[in-house]
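Okay, so here's the structure we're looking at.
The values are calculated or read from the model by the stated rules, or taken from the named source; none is laboratory data. Because the structure is predicted, anything quoted here is derived from the model rather than measured. No Cβ is skipped: glycine too gets one built from the backbone with ideal geometry, and neighbour counts run over all protein chains shown. Side chains are part of the model used for accessible areas, which takes the heavy atoms of the whole protein and leaves out ligands, DNA and RNA. Shrake-Rupley method; radii C 1.70, N 1.55, O 1.52, S 1.80 Å.
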Amino acid sequence: MGFADLSIAEIAEDYKLGVEQVLKICDRLNIRYQDAETKLGLEDVKAIILTVQSELKSS
(Lines give C-alpha, C1' and ligand atoms only; values in the text may rest on other atoms or scores of the structure.)
Protein backbone atom coordinates (compact mmCIF):
# COMPACT_ATOMS: atom_id res chain seq x y z
CA MET A 1 0.00 0.00 0.00
CA GLY A 2 1.40 3.41 -0.95
CA PHE A 3 1.34 6.43 1.27
CA ALA A 4 -0.74 9.51 0.61
CA ASP A 5 1.37 11.43 3.13
CA LEU A 6 -1.75 12.96 4.68
CA SER A 7 -2.52 12.97 8.36
CA ILE A 8 -5.93 12.75 9.98
CA ALA A 9 -5.58 16.41 11.01
CA GLU A 10 -4.84 17.43 7.41
CA ILE A 11 -7.89 15.58 6.11
CA ALA A 12 -10.04 17.27 8.76
CA GLU A 13 -8.67 20.66 7.75
CA ASP A 14 -9.12 20.02 4.01
CA TYR A 15 -12.76 19.04 4.49
CA LYS A 16 -13.50 21.58 7.25
CA LEU A 17 -14.30 18.85 9.75
CA GLY A 18 -13.35 18.37 13.35
CA VAL A 19 -10.52 15.96 14.02
CA GLU A 20 -12.89 13.95 16.21
CA GLN A 21 -15.23 13.46 13.25
CA VAL A 22 -12.42 12.03 11.14
CA LEU A 23 -11.26 9.83 14.02
CA LYS A 24 -14.80 8.42 14.30
CA ILE A 25 -14.77 7.64 10.58
CA CYS A 26 -11.41 5.88 11.03
CA ASP A 27 -12.90 3.83 13.86
CA ARG A 28 -15.95 2.90 11.75
CA LEU A 29 -13.71 1.85 8.86
CA ASN A 30 -11.28 0.01 11.16
CA ILE A 31 -8.39 2.27 10.12
CA ARG A 32 -5.60 2.13 12.67
CA TYR A 33 -4.01 5.32 13.92
CA GLN A 34 -2.07 6.57 16.93
CA ASP A 35 -3.17 10.20 16.96
CA ALA A 36 -4.36 13.01 14.69
CA GLU A 37 -0.88 13.37 13.19
CA THR A 38 -0.73 9.75 12.00
CA LYS A 39 0.16 9.58 8.30
CA LEU A 40 -2.24 7.29 6.49
CA GLY A 41 -1.92 4.88 3.62
CA LEU A 42 -3.35 5.83 0.25
CA GLU A 43 -6.22 3.33 0.42
CA ASP A 44 -7.18 4.53 3.91
CA VAL A 45 -7.22 8.17 2.80
CA LYS A 46 -9.36 7.28 -0.21
CA ALA A 47 -11.82 5.39 2.01
CA ILE A 48 -12.11 8.33 4.42
CA ILE A 49 -12.61 10.85 1.60
CA LEU A 50 -15.28 8.71 -0.05
CA THR A 51 -17.09 8.37 3.28
CA VAL A 52 -16.92 12.12 3.93
CA GLN A 53 -18.19 12.93 0.44
CA SER A 54 -21.00 10.42 0.81
CA GLU A 55 -22.04 11.88 4.16
CA LEU A 56 -21.94 15.43 2.76
CA LYS A 57 -24.20 14.44 -0.13
CA SER A 58 -26.75 12.81 2.16
CA SER A 59 -26.96 15.85 4.47
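Computed about the Cα centre, the dipole magnitude for the chain is approximately 240 debye when only Lys and Arg (+1) and Asp and Glu (-1) carry charge, each at its Cβ. Stretched out straight at 0.36 nm per residue, the stretch from Ser58 to Lys16 would grow longer than its current Cα-Cα span by 13.5 nm. Summing charges over neighbours of Ser54, with a neighbour being any other residue whose Cβ is under 13 Å away from its Cβ, gives +2 when K and R count +1 and D and E count -1. To put it simply, the accessible area of the chain at a 1.4 Å probe is 50 percent carbon and sulfur.
Once every DSSP H run of n ≥ 4 in the chain is given -39500 (n - 2.57) and the sum is divided by its residues, what mean residue ellipticity at 222 nm do you get, rounded to the nearest 500 deg cm²/dmol? For the chain, the value works out to -17500 deg cm²/dmol. Scalar couplings 3J(HN,Hα) for segment 8-13, obtained by applying the Karplus form with A = 6.51, B = -1.76, C = 1.60 to θ = phi - 60°, are 4, 4, 5, 5, 4, 5 Hz; x denotes Gly and Pro. Each residue of segment 22-32 was assigned a 3J(HN,Hα) from its phi angle through the Karplus expression (A = 6.51, B = -1.76, C = 1.60, θ = phi - 60°), giving 5, 4, 5, 4, 4, 4, 4, 8, 6, 8, 7 Hz with x at Gly and Pro. The length gained on full extension between Asp35 and Leu50, counted as 0.36 nm times the residue separation minus their Cα-Cα distance, comes to 3.3 nm.
Surface exposure of the chain, expressed per residue as accessible area with a 1.4 Å probe, stands at 70 Å². Shown here: percent of Cα pairs over 18 Å apart, derived from the displayed model; of the candidates (1) 21; (2) 64; (3) 69, it corresponds to (1).
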